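*Asks:* Input: one structure, supplied below.
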Amino acid sequence: MLEYAEYLKIIVGLLAILNPFGVVPVFISMTGDQSQKQVRRTINLVAVSVATILLSALFFGDAILAFFGISIDSFRVGGGILILLMAVSMLQGKQSSVKQTAEEADESIEKESVAVVPLAMPLLVGPGAISTVILAAHKSHAAGHYTIIALGIILISLVVWLTFRLSPWISRHVSATGINVGTRIMGLILAAIAVEFIANGLKGLFPILA
């Protein structure tokens, strides 16, 4: 088990990576032609999909790394670099291409259901979020550790659900500049977390650096 401050850092970092506040404009544009009932169904499906993907990464991430023979320290460095790239894009007020490329965005416009793809994945839950959950899970093998992270994931899914339910209010009261400011703040938090991942991974790969 970790200190509660560590769990708070994991949950805040994961929320910063998902950044549902920054996805609100995309959500509104993708559901603009849906009825209120369809929008509510889409929001519910997005929240459930986010929880399902992240919980799968939490409980099966270690097995996937073992299957491919990837050490956790190598994964820390790779995941840290990935998150750092996302952070740099967020600091510039942009949607990172790590989450979704221009081609994927064009393709998603023609999809009837946008809840799972591209909203839940990759716009919210991309490689960075999955990497963060796998690395967090590896910090302890206690049942309580997994329970706390699982509850954090469910809490984050509820935040996603609430943010999208409030999206009409947000679009009326918060300007694009306000959303960009929030995105940049999240990007700064992510950059710090990414550097920590990379540093810890390098120490594990090269003990002489410790």
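The values are calculated or read from the model by the stated rules, or taken from the named source; none is laboratory data. Everything numeric here is computed off the predicted structure, so don't read it as measured data. Glycine also receives a Cβ, built like all others from the backbone with ideal geometry; neighbour counts cover every protein chain displayed.
*Asks:* What about ILE156, is it among the aliphatic types (A, V, I, L, M) and either within 21 Å of GLN92 (Cα to Cα) or within 18 Å of the chain's Cα centre (by Cα) (or both)?
*Replies:* Values: among the aliphatic types (A, V, I, L, M): yes; either within 21 Å of GLN92 (Cα to Cα) or within 18 Å of the chain's Cα centre (by Cα) (or both): yes.
Yes: the conditions hold for ILE156.
*Asks:* Moving on to the next point. For segment 18-57: of the residues being hydroxyl-bearing (Ser, Thr, Tyr), more than 14 Å from the chain's Cα centre (by Cα) and assigned to a helix (DSSP H, G or I), which is surrounded by the most Cβ atoms within 10 Å (Cβ to Cβ)? Before you say what the answer is, go through the steps one by one.
*Replies:* Initially, segment 18-57 is screened for residues hydroxyl-bearing (Ser, Thr, Tyr), giving 29, 31, 35, 42, 49, 52, 56.
Then keep just the ones that are more than 14 Å from the chain's Cα centre (by Cα); that gives 29, 31, 35, 42.
Next, only the ones that are assigned to a helix (DSSP H, G or I) stay: 29, 42.
Details: SER29: 11, THR42: 21.
Looking at residues that are hydroxyl-bearing (Ser, Thr, Tyr), more than 14 Å from the chain's Cα centre (by Cα) and assigned to a helix (DSSP H, G or I), I get THR42.
*Asks:* Quick one: in segment 1-17, which of the residues that are of a type outside the set (A, V, I, L, M, F, W, C) and in a helix (DSSP H, G or I) is nearest to ILE148 (Cα to Cα)? Talk me through it step by step, then tell me what you get.
*Replies:* Initial filter on segment 1-17 (of a type outside the set (A, V, I, L, M, F, W, C)): 3-4, 6-7, 9, 13.
Cutting the leftovers down to in a helix (DSSP H, G or I) gives us 4, 6-7, 9, 13.
Values: TYR4: 10, GLU6: 11, TYR7: 8, LYS9: 12, GLY13: 15 Å.
It comes out as TYR7.
*Asks:* Consider GLY201 carefully, then state whether it is out of contact with any Phe, Trp or Tyr (no Cβ under 7 Å at 6 or more places or on another chain) and either without any contact (Cβ under 8 Å) to a residue 24 or more places away in the chain or not aliphatic (A, V, I, L, M) (or both).
*Replies:* On the way: out of contact with any Phe, Trp or Tyr (no Cβ under 7 Å at 6 or more places or on another chain): yes; either without any contact (Cβ under 8 Å) to a residue 24 or more places away in the chain or not aliphatic (A, V, I, L, M) (or both): yes.
The answer is yes for GLY201.
*Asks:* On to the next question. Among the residues of segment 101-108, are any modelled with pLDDT of 90 or more and assigned to a loop (DSSP other than H, G, I, E, B)?
*Replies:* First pass over segment 101-108, keeping only residues modelled with pLDDT of 90 or more: none.
Within segment 101-108 (the criterion being modelled with pLDDT of 90 or more and assigned to a loop (DSSP other than H, G, I, E, B)), the answer is no, since none of the residues qualifies.
*Asks:* Under 7 Å by Cβ, and 6 or more places apart or on different chains, what pairs join a residue from segment 1-28 that is of a type outside the set (Asp, Glu) with one that is not in a helix (DSSP H, G or I)?
*Replies:* Final answer for the pair search is MET1/SER140; MET1/ALA142; LEU2/LYS139; LEU2/SER140; LEU18/VAL125.
*Asks:* Something else: Which helices (runs of 4 or more DSSP H) does segment 138-210 wholly contain that include 1 or more residues that are within 25 Å of ALA63 (Cβ to Cβ)? Spell out the reasoning first.
*Replies:* Values: elements: 143-165, 167-173, 176-205.
Fully inside segment 138-210 and qualifying: 143-165, 176-205.
*Asks:* Given the residues THR163, THR132, which is the only one that is buried (at least 17 other Cβ atoms within 10 Å of the Cβ), at pLDDT 90 or above, over 28 Å from ILE198 (Cα atoms) and not aromatic (Phe, Trp, Tyr)? So that I can check it myself, show each step before the final result.
*Replies:* Numbers: THR132 fails: over 28 Å from ILE198 (Cα atoms).
Sole residue among the options that is buried (at least 17 other Cβ atoms within 10 Å of the Cβ), at pLDDT 90 or above, over 28 Å from ILE198 (Cα atoms) and not aromatic (Phe, Trp, Tyr): THR163.
*Asks:* Residues being farther than 30 Å from ALA143 by Cβ and among the acidic types (Asp, Glu): count how many of those fall in segment 17-66.
*Replies:* Within segment 17-66, residues that are farther than 30 Å from ALA143 by Cβ and among the acidic types (Asp, Glu) number 1.
*Asks:* Name the residues in segment 58-93 that are in a helix (DSSP H, G or I), of a type in the set (Gly, Ala, Ser) and in contact with a helix residue (DSSP H, G or I) (Cβ under 6 Å, 6 or more places away or on another chain), would you?
*Replies:* Result: GLY61, GLY79, GLY80, ALA87.
*Asks:* Condition first: surrounded by fewer than 20 Cβ atoms within 10 Å (Cβ to Cβ), without any contact (Cβ under 8 Å) to a residue 60 or more places away in the chain and under 25 Å from ASP73 (Cβ atoms). Can you find one or more residues in segment 170-182 that meet it?
*Replies:* No: segment 170-182 contains no residue that is surrounded by fewer than 20 Cβ atoms within 10 Å (Cβ to Cβ), without any contact (Cβ under 8 Å) to a residue 60 or more places away in the chain and under 25 Å from ASP73 (Cβ atoms).
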